[in-house]
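Throughout, read-outs are computed from the coordinates displayed, never taken from laboratory work. Note that the structure is a prediction, hence the values are computed from the model and not measured. Because the Cβ atoms are built from the backbone with ideal geometry, glycine has one as well, and the counts that use them run over all protein chains shown.
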Amino acid sequence: MLSRSTLETVSDRLYKHRSWIEPITAFLVIRLIGLLTLQRFDHLRDGRGLGSVLSAWDGKWMLAIAEHGYGGVPLTQTDAQGLRNSDTPYAFFPGYPLLAGAVDKIPGFSPLGAALTVNVVLGALAAVGVARIGAICCEQMQSRPRPPRWIPARITNWFTEELGDSGGTRLSKADPARAGLLLSVFFAAAPMGIVLSMAYTEALFCALAAWALVGVLQQRWLLAGTCTMIAGLSRPTAVVLIAVVILAAALRHRDGWRAWVAIVISPLGYLAYLAVVWHKTGEPLGWFRIQTEGWNTEIDYGKAAFDFVNFALVNSPEVAPVFTAWIIVITIALAIYSFIERVPWPVSVYGALVVVSIVASSGLMMSRPRLLLPAFVLLVPVAIGLAKRRTSTQVIVVIIMVTFSSWFGAHMLTVYPHAM
């Protein structure tokens, strides 16, 4: 029999590790449900096999680069136009394929097995970072006074009565740990959360972005700078994270040399890869040229997105474009709402800039639910609001989100012809 003191010690340790155990467990369970749903869809459709589905489209590029390097990618891999030259593979940033390739060298791993294993670990780390962001934002937001005077009194009074603010000086409190856990659940159950289980870069980038933002919120500048530097090797969206970290560190330059180090190292990964492509192509903007020619991706200030949303909501007979259009619209609304709710500015600005960078560019519109996944921070106010509700309400909302995410991801990968 264990003594009472031993049991109390075990209990204390489990409590301290809840911030890791709960988000990781929730993430793994939600992603398992998504994979089982996808497997069932694939079985009922053409039966390509789960591995084939999880490595579709850009995943084939990632695996080819991981296995052969940029110079050895098979000629069967082409861009969105069906074309290919020696520059084409350089459209893909090296962070994820190089990491997967390193794991692939471990005996017993295949390229796909290595890529998916990496994403399981990275997704779990991202879930913990996301939960940490939710908890920190909840604590900071609830430590502030009531909303400003320009908000009508009847609205603040309604919140006071409905949310049970008996003291009359603060809105009702949410448990920061619960708010963080709910945010990590929202992250795992995002509409295209299935991509976190695919041979794609989202798990890596979201993990790095989450911990970089944790570093900013806690003034841990070496953490923020290092994660941002590595994120710059992962995908072009890193330019948004770089801007936020540099600005936040510059505003806190009195924190000492660590803040200055964050400012210096944050852009190095991104600039280094652009320099590599410059050397390969002989053009300073070589990477941007490859993207524009191969994937029709360029800044059009939202014209393509605007036209797509209008067409999909009025004329499309298919559910995938309609839901994609609504996801774009809702994400924009969440970006605005995060400022209204006064989410800590590094978080709200990062989320809003991710939305701007995706919505303001052309390219395949059906990939927007995936590309908007790094804007998970925009759900902070929703997670805090739900954390104030009854547990039964939280469970119902989570079940609905997981169900929709599992169905939508499986539908996009097996029913819709090209959704990534």
Problem - Those lysines that a straight Cα-Cα span of less than 29 Å connects to Lys280, excepting residues fewer than 8 apart in one chain - result: Lys60, Lys105
Handout entry: Sequence-separation-based contact order of the chain, relative, with Cα cut under 8 Å and 6+ spacing, percent
Key = 21 percent
Practice task
Using a/c under 1.5 as the rounded threshold, could you call region 328-420 rounded, prolate or oblate? The axes a ≥ b ≥ c are square roots of the C-alpha gyration tensor eigenvalues, and prolate needs a/b larger than b/c, oblate otherwise.
Solution key: oblate
Fill in the blank from the handout: Once the dipole of region 281-420 is set up from charges on Cβ (+1 Lys and Arg, -1 Asp and Glu), the residue from the list Ile327, Ser367, Ser392 lying farthest towards its positive end is Ser392
Exercise for the section: On a 0 to 90° scale, report how tilted helix 111-142 is relative to the longest principal axis of the chain, with both axes built from alpha carbons and the result rounded to the nearest 10. Expected result: 30 degrees
Practice task
Compute the length gained on full extension between Leu28 and Arg45: take 0.36 nm times their separation in residues and subtract their Cα-Cα distance, giving the result in nm to one decimal.
Solution key: 3.6 nm
Problem - Estimated dipole of the chain in Debye, rounded to 20 [Cβ of Lys and Arg +1, of Asp and Glu -1, Cα centre] - result: 1200 debye
Practice task
Sort the chain into rounded, prolate or oblate with this rule: let a ≥ b ≥ c be the square roots of the eigenvalues of the Cα gyration tensor; rounded if a/c is under 1.5, and if a/c is not under 1.5, prolate when a/b is larger than b/c, oblate otherwise.
Solution key: rounded
Handout entry: Of Thr297, Thr37, Thr391, the one that fluctuates the most in a GNM where the chain has Cα springs shorter than 10 Å
Key = Thr391
Practice task
Enumerate the calculated ³J(HN,Hα) couplings along region 244-260 in order (Karplus 6.51 cos²θ - 1.76 cosθ + 1.60, θ = phi - 60°), each rounded to whole Hz, writing x wherever the residue is Gly or Pro.
Solution key: 5, 5, 4, 5, 5, 5, 5, 5, 10, 4, 6, 5, x, 5, 5, 5, 5
Problem - Efficiency of FRET between Arg252 and Arg18 - r from beta-carbon atoms, R0 41 angstrom, step 0.05 - result: 0.90
Practice task
Compare Arg368, Arg178, Arg40 in a GNM of the chain, Cα atoms joined below 10 Å, and give the one with the largest fluctuation.
Solution key: Arg40
Exercise for the section: Evaluate the distance, in nm, between pseudo-label points positioned 7 Å from the Cα of Ile400 and of Glu318 along their respective Cα→Cβ axes. Expected result: 2.7 nm
Practice task
Just subtract the alpha-carbon distance of Arg289 and Ala333 from 0.36 nm times their residue separation and send over the number in nm, one decimal.
Solution key: 12.7 nm
Completion exercise
As straight-line cross-link partners of Lys173, the qualifying lysines (C-alpha separation under 17 Å, not fewer than 8 residues apart within one chain) are Lys388
